[in-house]
1. Name the residue, out of 472, 464, that is surrounded by fewer than 23 Cβ atoms within 10 Å (Cβ to Cβ), of a type in the set (Phe, Trp, Tyr), under 29 Å from the mean Cα position of the chain (by Cα) and more than 16 Å from the ligand (Cβ to nearest atom).
2. If you scan the range 532-555, which residues turn out to be within 16 Å of the ligand (Cβ to nearest atom) and within 23 Å of residue 226 (Cα to Cα)?
3. Say whether the condition of being among the acidic types (Asp, Glu), part of a loop (DSSP other than H, G, I, E, B), farther than 25 Å from residue 232 by Cβ and modelled with pLDDT of 95 or more is met by at least one residue in the range 385-405.
4. Quick check on the range 367-396: of everything there that is farther than 23 Å from residue 494 by Cβ and buried (at least 22 other Cβ atoms within 10 Å of the Cβ), which residue is nearest to the ligand (Cβ to nearest atom)?
5. Only one residue in 325, 298 is among the aliphatic types (A, V, I, L, M), closer than 23 Å to residue 499 by Cα and more than 12 Å from the ligand (Cβ to nearest atom), so which one is that?
6. How many residues does the range 682-704 contain that are outside any loop (DSSP other than H, G, I, E, B), surrounded by fewer than 12 Cβ atoms within 10 Å (Cβ to Cβ) and touching a strand residue (DSSP E or B) at 6+ places or on another chain (Cβ under 7 Å)?
Amino acid sequence: MPVIPVPGRDHTWAALTPATAYVFGVESGDDTRVVQHYWGPRLPGAALGEVADAVPAWIATGFLDPADAAELLPVDGGRRWGVPSLQAVYPGGVRSVELAFDRAVQHGPDELELVLRDQVYGLCVGLRVRVHDDTDVIERWTEVANDSGEPVHLQRLDSGAWAVPEQAGFGYAGVAGGWARETQLHRGELPPGETTFTSRTGTTSHKANPWIMIGDASETGGEVWSVALAWSGSWRLTAQRRPEGDLAVTAGFGHEGLTWSLAPGGSLRTPSVLGLHTTGGYGAASRAWHAYARGHVLPTPAEERPVLYNSWEATGFDVSEDGQLALARRAAELGVELFVVDDGWFGTRTDDTRGLGDWWPNPDRFPQGLGKLFDGVRELGMQAGLWVEPEMVNPDSDLYREHPGWTLHYPGRRRDTMRHQLVLNFARDDVRAWALGWLDGLVAEYGLAYLKWDMNRSFSQAGWAEGGDLLWIEHTRGVYAVMDEVRARHPGLRIESCSGGGGRADFGILRRTDQVWTSDNTDARHRQTIQEGFSYLYPASAMSCWVTDSPNPISGREVPLRYRFHVAMAGTLGIGGDLARWSEQELAEARELVAAYKAVRPVVQHGELHRLTGSPGTSASAVQYTLGERVVVFAYNPYTLDERPPRRLRLAGLDPEALYEDEAGVRRHGAALMHHGLVVPSWSLSGTDYRSEMLVLQRVEGRS
Ligand code: DGJ
């Protein structure tokens, strides 16, 4: 799908996707603005010019410029009072950015660059718009260059702003949370004023996730405009709902208070901000995002993610060769395909106070290295994986004693530890070279198929003598660069993104990782709410879910094994319990459930998600995955009688004319399953808490 000039209109373009159009143009006058005219359902070609009209002039007053909220990159300058996407301070403290249109450059049919220039102060700004032929996601980013002889200080450089057409209520969906309660879904109405979602932690964060969906929509109906930022460091996304009736969303890296200095000749490129218009409610928006993730983000989307075992909840720091091999034997018997040794295998790391940074096998625990352990794992038929936390150091480590200057710090300021650790500065060439060296060595020496890349604290005292606040960008880029290079050197390697659970989940990290550790909270009931929020943007293949012990180590809640499995089976299944303590009966049930998962895995990991009904974790609920002819439904009933479950479950997205056969051989039409529904045994009124089931349907040949 191309970005084309709109016929009959000067300096006006339409970015066309399969189902949408995004029309924008340069309005030159005393103050050049690149204005969004339209973003919505695809229009006939001849109608593109009709939507490229000016904002109604009657909106203008002595206090408001009509185009204020509709610019692709509103600057801090001239007659603008909204949230700027670009804020610069020129020599002498001059603030008002005044851009003039320079030229439009087509980079192939699918990508356009509009070049703007501040003719007095030499700032050159490139606005990029790119589309693809298999998605309605529109990718945008901004590039700035300092063509002057003096430094320019940037106080904000967002990837871009998007205008959302007037809605009655400006409904929205987003997620917020904290450690062990990531991605809690929030739906409501955006209030008039400015609503900012942000992370100042140096990572995507547990508190918020860089996306918003806007629209007076339900799960199954209505238009939704989504904006997501593909970035894994600090970020901010502001939705401005103005009394005049319009709404703009601007999003970019960094947070307020940072200043990025651009030396003469210097340049900066933002991460991509992604815009997506969909019809069909929040559910359709999620499915479109998942398809985009598979088509344009994830490095290995066609693969099926293996069932993994991770030792963390079983052993904590108490890692030994014999203990791990004993767990590995049990895991292999269950059908596990990848065995991951977590924290505690290296340096002097026997608890969280020491050893981070010393990335060699603990000489007391593994005097001969990890070879025997991982050879044993492979002999059991599993791949080998290892936990690492490359961006961190304990002050009590050889690395810190040798390189105290490698951490984030300011002269004369404290270096506050969290979890007894400091952050290594991945903006530094020497730090990246060091990390790449030992990561490459470990993967090569032990034939690792998998790294769990963890990151367990937020930034503080984030000084970098050489680059100042650019640290907040360059650290993240440094992490990306090391991950990219390790993968390039080891094409078979897969990486899990972890940050104390789900603190680093976004479309930036997912370009170079295959899945995300969704949360340290493995309580099945809590997990349902976490997984629901995660599913708004990210596909099930990226959602790492473990079955752990009962009572749960965090919540103390007791939940039957089957329910725990069914919750984890709705994503990428893993097991994290202490298998040494599981009874024969539990192991047998687990074996059966792992096999059942493998049978439906392509459908769950690559299928289309429908969040069918209920509040996951707090009432009867169900999710459905559909891939080709196959349909898999997980139905849950956490609390008997707290709330009366629906009498029937109505499925979605089926072919109404086709017949679907369940595992008992019963055939029903898609139309009946969608409009009448089926009876879910675990939703019956009488029975224990935490009942669940997996229903599998197959579309069969016969038609009515
Ligand atoms: C935090 C992770 O989220 C856990 O799964 C575990 O890997 C610990 N770190 C290890 O320190």
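The values are calculated or read from the model by the stated rules, or taken from the named source; none is laboratory data. The structure displayed is predicted, hence computed values, not measured ones. Cβ atoms come from the backbone with ideal geometry, glycine included; neighbour counts cover every protein chain shown.
1. 464
2. Result: 534, 542, 543.
3. Within the range 385-405 (the criterion being among the acidic types (Asp, Glu), part of a loop (DSSP other than H, G, I, E, B), farther than 25 Å from residue 232 by Cβ and modelled with pLDDT of 95 or more), the answer is yes, since at least one residue qualifies.
4. Step by step, filter the range 367-396, then rank; the result is 394.
5. 298
6. So the answer is 2.
Table: residues versus (1) closer than 24 Å to residue 76 by Cβ; (2) in contact with a helix residue (DSSP H, G or I) (Cβ under 7 Å, 6 or more places away or on another chain); (3) part of a strand (DSSP E or B).
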position: 175; (1), (2), (3): no, yes, yes
position: 184; (1), (2), (3): no, yes, yes
position: 196; (1), (2), (3): yes, no, yes
position: 202; (1), (2), (3): no, yes, no
position: 240; (1), (2), (3): yes, yes, yes
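Quick grid of which residues meet (1) more than 30 Å from residue 252 (Cα to Cα); (2) touching an Asp or Glu at 6+ places or on another chain (Cβ under 9 Å); (3) among the β-branched types (Val, Ile, Thr):
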| site | (1), (2), (3) |
| --- | --- |
| 500 | no, yes, no |
| 509 | no, no, yes |
| 516 | no, yes, yes |
| 522 | yes, yes, yes |
| 545 | no, no, no |
| 583 | yes, no, no |
| 588 | yes, no, no |
